[in-house]
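All remarks here apply to the structure that follows.
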Amino acid sequence: MLGYDFPVPPHSDRGNLITFEGLDGCGKSTQIERLAAVLIQQSVPVLVTREPGGTPTGEKIRQVLLDSSTHGLSPMAELALMFAARAQHISSVIQPALAEGRIVLCDRFTDSTEAYQGGGRKLGSDPVLALHRILCGDLQPSLTILMDSDATASVERARRRNRSRATPSGTPNDENRFEQENRAFFERVRNAYLVIAAREPHRVVVVDARGPAEATHQQIIQVVQRKLKLAANTT
Ligand code: TYD
């Protein structure tokens, strides 16, 4: 991983929030790990975190949200729980890290809610964006990497991964509730993501995640390098 030139962010009380988005099984976790390794090697202060989760309370909420033994959760209750976990995450993890000048790499953020609850569950974008303003102070990532992938292939990959990880239903490792949704659900999620990207091209960069992991990694490195250099030059 040598040869990437990431500047150490200038001393500042504003780090950068970089979020990763995409369908289940698109390969986000691998890419975040690889990017974090490169940044750490360049002595860039990094914090890796995820949603739903990222705090002790958030991880409990995650278990309720993702466990396939959670039945009959209404879309609005699901939306509220996503935001409850996020509000806690922002106040106790993300904001303090940004205040220290860190680069926060967050696996999913409010775009996931707009895509999954707004698009997938058909709640629309308005309640999501309104709650984001009220509960999250409208915190916007400096950069969002949307890993675009084929819905069927991604979800199959996520299902296989979770099957191999899962202990019998109802235990904490069962994170299958969303993967049980049908293809139409994931097509709506993907479309909602693409609408967000078209609406906010200055923030959201779409990366083709259908090829080999190494090719995706190279695209991400270029995008992040451009962003961080720019941030360093403008602060
Ligand atoms: P994640 O652990 O990122 O799953 P994967 O590694 O399979 O991509 O996310 C868990 C699930 O939670 C995923 O199916 C998407 C869903 N989710 C929402 O529906 N809304 C949200 O706001 C967030 C953050 C996640």
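The values are calculated or read from the model by the stated rules, or taken from the named source; none is laboratory data. The shown structure was predicted, so the numbers you read here are calculated from the model rather than taken from an experiment. Reconstructed Cβ throughout: ideal geometry from the backbone, glycine too, with neighbour counts over all protein chains shown.
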Q | Selection count, the stretch 200-220, where residues are hydrophobic (A, V, I, L, M, F, W, C), under 11 Å from residue 145 (Cα atoms) and part of a helix (DSSP H, G or I) | A | 1
Q) Taking the stretch 106-157 as the region of interest, how many residues are of a type in the set (A, V, I, L, M, F, W, C) and within 12 Å of the chain's Cα centre (by Cα)? A) 7
Q. Given the residues 96, 7, 75, which is the only one that is more than 24 Å from residue 160 (Cβ to Cβ) and at pLDDT below 95?
A. 7
**Q.** Unique residue being closer than 21 Å to residue 84 by Cβ, charged (D, E, K, R), out of contact with any helix residue (DSSP H, G or I) (no Cβ under 6 Å at 6 or more places or on another chain) and within 12 Å of the ligand (Cβ to nearest atom) when the list is 108, 161
**A.** 108
Q) Does residue 72 fit the bill of being surrounded by 24 or more Cβ atoms within 10 Å (Cβ to Cβ) and small (Gly, Ala, Ser)? A) no
Q. So residue 4 clears everything in (1) among the aromatic types (Phe, Trp, Tyr); (2) in contact with a Leu (Cβ under 8 Å, 6 or more places away or on another chain); (3) assigned to a loop (DSSP other than H, G, I, E, B) except one condition, right? Which one?
A. (2)
Q) Can you tell me which residues in the stretch 35-59 are part of a helix (DSSP H, G or I), small (Gly, Ala, Ser) and more than 16 Å from residue 20 (Cβ to Cβ)? A) 58
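Matching residues to (1) within 25 Å of residue 229 (Cβ to Cβ); (2) within 11 Å of the ligand (Cβ to nearest atom):
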{"position": "4", "(1), (2)": "yes, no"}
{"position": "24", "(1), (2)": "no, yes"}
{"position": "37", "(1), (2)": "yes, no"}
{"position": "47", "(1), (2)": "yes, no"}
{"position": "53", "(1), (2)": "no, yes"}
{"position": "57", "(1), (2)": "no, no"}
{"position": "78", "(1), (2)": "no, yes"}
Q) Hey, does the stretch 82-103 have a residue that's touching a His at 6+ places or on another chain (Cβ under 9 Å) and away from the ligand (no atom under 13 Å from the Cβ)? A) yes
Q. Yes or no: residue 197 free of Cβ contacts under 8 Å to residues at least 60 places away in the same chain, buried (at least 16 other Cβ atoms within 10 Å of the Cβ) and assigned to a helix (DSSP H, G or I)?
A. yes
